[in-house]
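Working notes, structure below.
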Amino acid sequence: MTYQETLEYINSVRHNQWKLGLSRTIELLHMLGDPQDELKFVHVGGTNGKGSTCAMIESVLRAAGYRTGIFPSPYIEDFRERICVCGEMIPEEDLCRITDKVRSCADAMEDVPSHFEIVTAIGMLYFREMECDIVVLEVGLGGEFDATNIIDPPEVAVLTNIGFDHTDYLGNTLSEIARTKSGIIKTGSRVILYPNVPEVMDVVTEICRERECPLEVVDFGRITIEHADLGGQTLSWDGREYTIPLIGEYQSRNAATAFTVIETLRSIGWDIPDDALREGMAHVSWPARFEVLGRDPLFILDGGHNLQCGEAVAASVRKYLPDTEVTLLIGMLRDKDYMAVLDIILPLAAHCLCLAPASDRALPADELAEVIRQKGVSAEVCADAEDAVRRALKGIRPVLAFGSLYMAGEVRPAYRKIRCQAQI
């Protein structure tokens, strides 16, 4: 298969056609020689903060000299972002070759694997080929029945902030969602938990007790923000200073989670010097999470998509841009609780530029604009991301592009293209 044919095959089962359950992934990986059994993992689930936390852990482990894999979900611009070794995306030729191998097995199965199950199999084969020392594995959806949960007990199982999302799959209460996400907890692994409301904490504590897994709750009292601006943050963890280029107050809590995971890995024999911890945190990269794309005007991109993301972004805007109204470039998915998110975000906005993300789940731009106008904020409809970015850059207000990772994947290259054209 060519690279384009490979992507077409991988995407032949679309992202929203999830098929929960482990039987297909188990069968597929067994046909491929069970590559996951030869790998070690840090398994990361939760609702928000998974990607940033994974990026921090991987960056530190790589700085410590380990051959690292990372399997984040979803990607922003390039599909190959989902399968990286030591910070490098899987080469196109390797993706084609491995996908061809996976396809031949998948096509022989009576119950055809889903998109995410196929991607998981490709990742496992590549990580084994590259002889990764450890893979930082992000859960795709939920936990218990997610395709990534076919691994043996990981070195550490991590649960980041848990809130309401994908309720049609995961449950309608926080305790139901927490129970599903806690499915990654297996006897034989250590568990790190981001502090949460009592009903979440109680569920995770109960499951850890049942499965005899040591549980450590991240202590946010150990971390303070010494300095923060749009260039990054200086954090103090137990009195030692670390810098991170990621901005947003919530990133300090993700950092505390990553620090706690590193401490746990050290306790079970992983050699991670303080210098590697400092270097890894200083060089972590995670796009489209309160990312500053430019400063004239200030242009911030965040791929948040649910209520918790909206609250975090709103808090960050108020912190870094106090008493400032922004131009809001926004695109959302119709299956999210966009009304609640808008109630959080719109008080920050003087004007909105609306577009529909490239997804069959997108909320049409004209519908979004009408909802925003009904809430008392002016809004205009944009044809696409380039149109929206061009309009945003004509203004003098700071720009906040927010609402969906699909949208972020369009806005990021559109911004680069338009800025490049302006310099010619």
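Here are a few things to note about the model shown:
- Here Ser59 passes the criteria (1) of a type in the set (Ser, Thr, Tyr); (2) part of a loop (DSSP other than H, G, I, E, B); (3) within 26 Å of Gly248 (Cβ to Cβ) except the one numbered (2).
- Segment 278-289 residues that are closer than 19 Å to Glu81 by Cα, paired with ones that are among the polar types (S, T, N, Q) (beta carbon under 7 Å, 6 or more apart): Gly280/Ser59; His283/Ser59; Val284/Ser59; Trp286/Ser52; Arg289/Ser52
- For segment 75-181, the helices (runs of 4 or more DSSP H) that sit wholly inside it and include 2 or more residues that are over 16 Å from the mean Cα position of the chain (by Cα) and polar (S, T, N, Q) are 92-106, 174-181.
- Just one residue in the set Gly65, Gly140 is touching a residue at least 60 places away in the same chain (Cβ under 8 Å), surrounded by fewer than 23 Cβ atoms within 10 Å (Cβ to Cβ) and assigned by TED's automatic domain parsing to the domain that holds Ala256; that residue is Gly65.
- Which listed residue, of Leu265, Leu307, Leu301, is surrounded by 18 or more Cβ atoms within 10 Å (Cβ to Cβ), over 18 Å from Met56 (Cα atoms) and modelled with pLDDT of 95 or more: Leu301
- Yes/no for Ser189 being outside the structural domain of Val317 (by TED's automatic domain parsing) and either in contact with a Cys (Cβ under 7 Å, 6 or more places away or on another chain) or among the aromatic types (Phe, Trp, Tyr) (or both): yes
- Among the residues of segment 119-146, just one is among the aliphatic types (A, V, I, L, M) and modelled with pLDDT under 95, namely Leu141.
- Sole exception among (1) at pLDDT below 95; (2) among the aromatic types (Phe, Trp, Tyr); (3) crowded, with 19+ Cβ neighbours inside 10 Å for Tyr194, by number: (1)
- Some residue of segment 376-394 being without any contact (Cβ under 8 Å) to a residue 40 or more places away in the chain, in the same structural domain as Gly303 (by TED's automatic domain parsing), within 29 Å of Gly163 (Cα to Cα) and assigned to a helix (DSSP H, G or I): no
- Residue satisfying all of: in segment 342-379; touching a strand residue (DSSP E or B) at 6+ places or on another chain (Cβ under 6 Å) and among the charged types (D, E, K, R); farthest from Asp296 (Cα to Cα) among these: Arg361
- Applying the set (1) buried (at least 18 other Cβ atoms within 10 Å of the Cβ); (2) not in a helix (DSSP H, G or I) to Arg412 leaves exactly one unmet item: (2).
- Within the set Val261, Val292, the sole residue that is in contact with a Leu (Cβ under 7 Å, 6 or more places away or on another chain) and either touching a residue at least 12 places away in the same chain (Cβ under 8 Å) or more than 26 Å from Glu88 (Cα to Cα) (or both) turns out to be Val292.
- Complete set of residues in segment 210-230 that are of a type outside the set (A, V, I, L, M, F, W, C) and in contact with a strand residue (DSSP E or B) (Cβ under 8 Å, 6 or more places away or on another chain): Pro214, Glu216, Arg222, Thr224, Glu226, His227
- Elements of type helices (runs of 4 or more DSSP H) in segment 258-374, at least 3 residues being assigned by TED's automatic domain parsing to the domain that holds Val156 and farther than 18 Å from Ala408 by Cβ: 274-282
- Scanning segment 366-376 for residues that are surrounded by 20 or more Cβ atoms within 10 Å (Cβ to Cβ) and over 9 Å from Leu353 (Cα atoms) yields Leu368, Ile372.
- Residues that are polar (S, T, N, Q) and at pLDDT 95 or above within segment 410-424 are absent altogether.
The values are calculated or read from the model by the stated rules, or taken from the named source; none is laboratory data. What you are looking at is a predicted structure, and each value in this text was computed from that prediction instead of being measured. Glycine gets a Cβ as well: all are built from the backbone with ideal geometry, and neighbour counts include every protein chain shown.
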